[in-house]
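Inspection log for the structure reproduced underneath, given as structure tokens.
The values are calculated or read from the model by the stated rules, or taken from the named source; none is laboratory data. Predicted model only: the values in this text are computed from it and were never measured. Glycine also receives a Cβ, built like all others from the backbone with ideal geometry; neighbour counts cover every protein chain displayed.
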Amino acid sequence: MMQAIFFDVDDTLYDQLTPFARSFEKHFNFYDIPLEALYTTSRKLSDEVFHLTENGQMNTQDMYVYRIKQALAYFGKQISYEKAAMFQKDYQEFQREIKLIPEVEDVLSFCVEKQITMGIITNGPFAHQERKIKQLKVDQWIPANHIFISSKVGYAKPDVNIFRLAETTLGLTDKHIYYVGDSFQNDIIGAKNADWKAVWYNRRSHKKIPNTVEPDYIADKNTLFEIIHKIELENEER
């Protein structure tokens, strides 16, 4: 059987575009900007500078402001630091109302039924990520000691060490370990470099990073449960 499966948090367990859109609509009247493209650009910018927040070269608030200011600048819009900070404040506030994606909830329940070890590996500030995890109520399926948050453990995806830490902590000894995430750079490349199986939860039809790795499975917004069910059946037949 599948020995273990780990999940990313943002835009994997919940739809991150929802709180982003609510804050955008509250603060801006840029009706000519495609919202999902703006969100995707913001995420890309965030990933590019995230390591600077981990090593202390950029504080977290400046990173939050940078990503929305630069994303809007890409679409020809200029905003102040203060306006960007207000957007971020409400973005975080709206994240207090996030809910599990229904299909993901089905996957978690299926894995409990099959007695598959589950965990979370996520990048970000500890208190911020922990608050989102609590809001999603994933403790019904995943115990607290199976959750690895980069700022708490000292490693961040795609660094292979955060995957190795999860293996060691949970006593995982074989390579029937799977990782589900939306970020090709952090989740898929990270998992594959750790010799884990990678399920790319590509809900927004992103393109693969060329000349890197191949995900073992690709799920869109409607096929994650089907793929996890198929993986478990294949493992049971071995």
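Go through the range 55-78 residue by residue and tally those that are touching a residue at least 24 places away in the same chain (Cβ under 8 Å) and buried (at least 18 other Cβ atoms within 10 Å of the Cβ).
5
I'm trying to understand the selection: among the residues of the range 154-174, which are part of a loop (DSSP other than H, G, I, E, B), more than 17 Å from D10 (Cβ to Cβ) and among the small types (G, A, S)? Give the derivation first.
We begin by selecting, within the range 154-174, every residue part of a loop (DSSP other than H, G, I, E, B); these are 154-159, 171-174.
Those left that are additionally more than 17 Å from D10 (Cβ to Cβ): 154-155, 159, 171-174.
Answer for the range 154-174, where residues must be part of a loop (DSSP other than H, G, I, E, B), more than 17 Å from D10 (Cβ to Cβ) and among the small types (G, A, S): G154, G171.
Read through the list (1) surrounded by 13 or more Cβ atoms within 10 Å (Cβ to Cβ); (2) touching a helix residue (DSSP H, G or I) at 6+ places or on another chain (Cβ under 6 Å), then give the number of the only condition that Y81 fails.
Result: Y81 passes all but (1).
Exactly one condition in (1) hydroxyl-bearing (S, T, Y); (2) closer than 13 Å to I5 by Cα; (3) under 13 Å from the mean Cα position of the chain (by Cα) is not met by Y178; state its number.
(3)
Check whether at least one residue in the range 16-26 is in contact with a Lys or Arg (Cβ under 6 Å, 6 or more places away or on another chain) and under 25 Å from F148 (Cβ atoms), and report yes or no.
So far as the range 16-26 goes, no, none of its residues is in contact with a Lys or Arg (Cβ under 6 Å, 6 or more places away or on another chain) and under 25 Å from F148 (Cβ atoms).
Kindly evaluate K89 against the criterion of being among the basic types (K, R) and more than 16 Å from the chain's Cα centre (by Cα).
yes
All but one of (1) within 21 Å of D15 (Cα to Cα); (2) surrounded by fewer than 16 Cβ atoms within 10 Å (Cβ to Cβ) hold for Q88; which doesn't?
(2)
If S151 passes every condition in (1) in contact with a Leu (Cβ under 8 Å, 6 or more places away or on another chain); (2) under 29 Å from L38 (Cβ atoms); (3) part of a helix (DSSP H, G or I) but one, which one does it miss?
Of (1) in contact with a Leu (Cβ under 8 Å, 6 or more places away or on another chain); (2) under 29 Å from L38 (Cβ atoms); (3) part of a helix (DSSP H, G or I), only one is false for S151: (1).
Name every residue in the range 1-47 that is surrounded by fewer than 18 Cβ atoms within 10 Å (Cβ to Cβ), among the acidic types (D, E) and modelled with pLDDT of 95 or more, in order of residue number.
E25, D32, E36
Take the residues of the range 197-222 that are farther than 14 Å from D182 by Cβ and β-branched (V, I, T): which is surrounded by the most Cβ atoms within 10 Å (Cβ to Cβ)?
Ranking the qualifying residues of the range 197-222, first place goes to V213.
Look through the range 124-172, keep the residues that are of a type in the set (S, T, Y) and farther than 18 Å from L52 by Cβ, and return whichever of them is surrounded by the most Cβ atoms within 10 Å (Cβ to Cβ).
T169
Just give me the residues in the range 3-30 being acidic (D, E) and free of Cβ contacts under 8 Å to residues at least 12 places away in the same chain, in sequence order.
Of everything in the range 3-30, just one residue is acidic (D, E) and free of Cβ contacts under 8 Å to residues at least 12 places away in the same chain, namely E25.
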